[in-house]
1. I want the antiparallel fraction of DSSP beta bridges within region 115-202, as a percent rounded to 5.
2. Ordered by residue, what ³J(HN,Hα) values in Hz, to whole numbers, does region 408-413 give under the Karplus form 6.51 cos²θ - 1.76 cosθ + 1.60, where θ = phi - 60° and Gly and Pro are x?
3. Which net charge results when you count Lys and Arg as +1 and Asp and Glu as -1 among the other residues whose beta-carbon is under 14 Å from that of Ala74?
4. Could you put Glu366, Glu592 in order, starting from the residue whose Cβ has the fewest other Cβ atoms within 10 Å?
5. Run the numbers for Gln334 and Ser95: contour at 0.36 nm per residue of separation, minus the present Cα-Cα distance, in nm.
6. For a quick check: with amide H placed at 1.01 Å from N, whose amide H comes under 5 Å from Leu370's, ignoring anything fewer than 5 positions away on the same chain?
7. Go through region 328-345 residue by residue and turn each phi into a ³J(HN,Hα) via Karplus (6.51, -1.76, 1.60, θ = phi - 60°); whole Hz please, and just put x for glycine and proline.
8. Using modelled amide H (1.01 Å from N, peptide plane; none on Pro or chain starts), what sits under 5 Å from the amide H of Cys83, excluding residues fewer than 5 places away?
Amino acid sequence: MNKMNSHRTAGFILGPLVGVSLVLGGCVLDDDSSDADQASNDCAALEGMTIAASDIGLATGGATVTSASQVAAADASAGVDYCLVVGEIHPETESEVIHEGTADEVEVATPDINFNVALPADWNYKTLQYGGGGFDGTIPSVDRASENGIESALARGYTTLGSDSGHVSPAIGGDPNELWNSEALRNFGREQIKKTHDAASAIVRAYYQTSPDHSYFMGGSQGGHEALIAAQFYPDDYDGVIAGYPAYNPEAMHLGAMDYGKTLYNARTAGVNGYSYDADAGDGWISRTQTRALSQYIVDACENDSLAANGGEALDGAADGMVSDAGACRQLLQDQGYDLLAHDATNPMRCAGGAHTSTDHAVSDEETCLSDPQIETLARITSRYNLPTGLVLDGGVRSYGHWPMLDGIWIAEDESKNLGNQEDFGSEWDAYDAFQASFPSQDQYNIITQSAYTQPSDILQDFDPANWIDRITTLSGWIDTSSVDYSTFRSQGGKLIHYHGAADVSITPYNSVDLYLRMIGQFSDNTDYLGTNPFWGTDDATTNMAVSQNDESSITIDEGVVNDFYSFYLIPGFGHGHGYYTASVDWLTALENWVEQDVAPKDSLVSTDVSGNELGSRPVCHFPYYPAFTSASGTDTNDADNYSCEKLEEYAYLP
C-alpha cells in the first residue's frame, strides 16, 4: 500500500501544506498556484524561503532557507544537475539553564537544526532521507558518488535530504555541552527526523509544484536508529526504511559500553562483579597482539583445517578467513574438549600457570597467550550486560547483548587483513583509546550527568548508573527506540529492512539479534522457544509480547520476513560499515521492489566484498541463515552462485 498515491495528488504528507501559503523569494506561493514560472524548478527563488512553525508537525520556531544554488552535473559527486538547498529549523526555546541555583549553573543555548536538500533536475518523484552517525552533529552528504559501490540515490533521481540533528559537532566548532539542553537532546534523540522531513516537504512542493510518490529513509549505526525512529514514531511519513547496524537503544548500549571500558581498565578484586581472581589495576587488559592471536586461533580451528575431526574441510565450506557460523565453531571446539574461557589446560589460549612470563607490560603485551585476569575480562565482555536493579528502559529493555569476541572475527587493527579501520579491542598498554572505553562512554557520561569529564578514568572508575536511574529512564524515553510495536507502520504498508554485520564490535550484532527475537516473539505470539533461547530473557519476552499486533491470529513468520513487512539479515565478516568482508548490497533497490512491487527481498539479495580482500560475492541470507559454500555448482568460493543459505547452528530453535 502506497502512502503517496501519485505525484499529481495534492496531499503530500511530508508536511501539512494543503491550503497554506509559503513565502518564497519575497513572493507568496499559494498551494494551488499553477504559474510554473513563479517557482517550479527555479532554484534561486527558494533562497530566503520561510516555513511557518505551523507547517512542521512538531514544535519549532519555523524554518528558513539560507541558500539555494544550482549545481551542475560536472561538479556533482552524483553526476547529475541539482539544486542544493541549505536551511535552518529554528528551536522553540532560546536556551535552558542547567543546574539552576547551584555553583555549576550554566545557560546552554538551543541550536538550530541545520539541513540540506538536493533537488535533482530529473526527478523520479521519490525522496530519500539520510541518517547520521555517532552523536550526529554534521549534515550527512546528500550528494554522493555511490553508496558503497552502488549507484547513489541522487544519481537515480531521488530528492535527498539530511540534517545535523540539531547540534554542531565540537570537532567542527560546536559547543561540546549543547546536548545538555533538553530541546536539543530531544531533537537529537528523535524529533529532528520529523522536523527535517516536514521542512523538506515545503521545499519539495515549492520547487516541483507536486508531491512525491514514495518517501524512504536509510542509515547505518545512529542512522539505522533514526530509520527505526522514522518507522515507529512517524509512520505516516515513510513508505519504507533501511536500518543498518542500528544503535536503536543508546541508553542500554552506552551503559554496556561503559561496563566494557571498566572491564578493560579497572582493578579487579575477587568476588566483585563476578571476578574470582585478584588483579592489579589493568592486569585484565588484552593487547592488540593477544586479540589477533585469539582471532587467528579461532579462524584456524574452524576455517583452516587445523582440527582433524572436521574432515579436512572448513566448517562453513569455504576456507576464506571468515567464520560464518559462530555457533557451529563453538560447538566444534567444545566437541574437541576446548574451552576458551577455562582456567585450565582445556583452554589453548591460556598462558602456562595462568600468568605471563614477564611483569613488564611491554613484554607481556607481545605474548600470544592470555593470563587468568585476561580470561576473566574476555568472559565478562562476551556475557550479557545486565542493567542495574530497578532500571527498565524503553520497550522493557533490562540488558545489553554480549560482544562477539569469541566468534572468529578480525577485531583489532591489522593491515594484513584490510579491515578498513575496524575498531580495536586493545591498544598500547594503559592507553585510553580502545573503542567503547573512550567514545562513546565519555559523551554519554556528559549527557547523563550534564557535566564534563576530565579524563577517561573518571568515567571508568567512578560512574555508577545505579545513581542515575531517574535521569537514564528519562533519556531512554527521549532517545531509545526499543519498543517493537510497529503496528501503524505495518498497517499502512510500510516495509523495514534491517541488517547487521556479524563482525561488528562498535555495536554488537547480538543487539540486533535481540531486536529480531523480540520482533518475532511479539508478532508470532509464540514463546515456545524461550527455554532454549540464550539471548532473550523472560522479562523481555513478557514486556514485549504485550503489543497490538499480538492480537491478530493471522500473523505468521514467512521465511524471515515477519508479517510481510520486516526482514533481518546478519552478514558474516562485515563490521561496522567495513571489515574483513565489507558487504556492498543494493538495499535501496530491494526496498523499492518490496514497497512498489510487493516483491519481498528474502534471499534474493547478493553482496559484493569491497574491502580489498577480494572475497568476491555471497548471497545475503535472512536471519537465522548464513551463506554456506556447497560447491554444488562450482569450486569458486568467490561466486555467490556456489553458496546456499543454511541455518545457523545457534538458532536451530527458531521457526
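Just so it is clear, none of the values below were taken in a lab; they were calculated from the coordinates. The shown structure was predicted, so the numbers you read here are calculated from the model rather than taken from an experiment. So basically every Cβ, Gly included, is an ideal-geometry build from the backbone, and we count neighbours across all protein chains shown.
1. Working: 6 of 9 bridges.
Once the DSSP bridges in region 115-202 are tallied, antiparallel ones form about 65 percent.
2. Calculated HN-Hα couplings, in order: x, 10, 8, 10, 10, 3 Hz.
3. Working: positive: none; negative: Asp75, Asp81, Asp143.
So the surrounding residues net to -3.
4. Working: Glu366 13, Glu592 20.
Listed from fewest to most nearby Cβ atoms, that is Glu366, Glu592.
5. Full extension from Gln334 to Ser95 adds 80.2 nm.
6. Residues meeting the criterion, in which the H sits 1.01 Å from N, are Arg350, Cys351.
7. 5, 5, 4, 5, 4, 4, 5, 4, 8, x, 9, 9, 6, 10, 7, 10, 8, 5
8. Result for Cys83 returns Val71, Leu119, Ala121.
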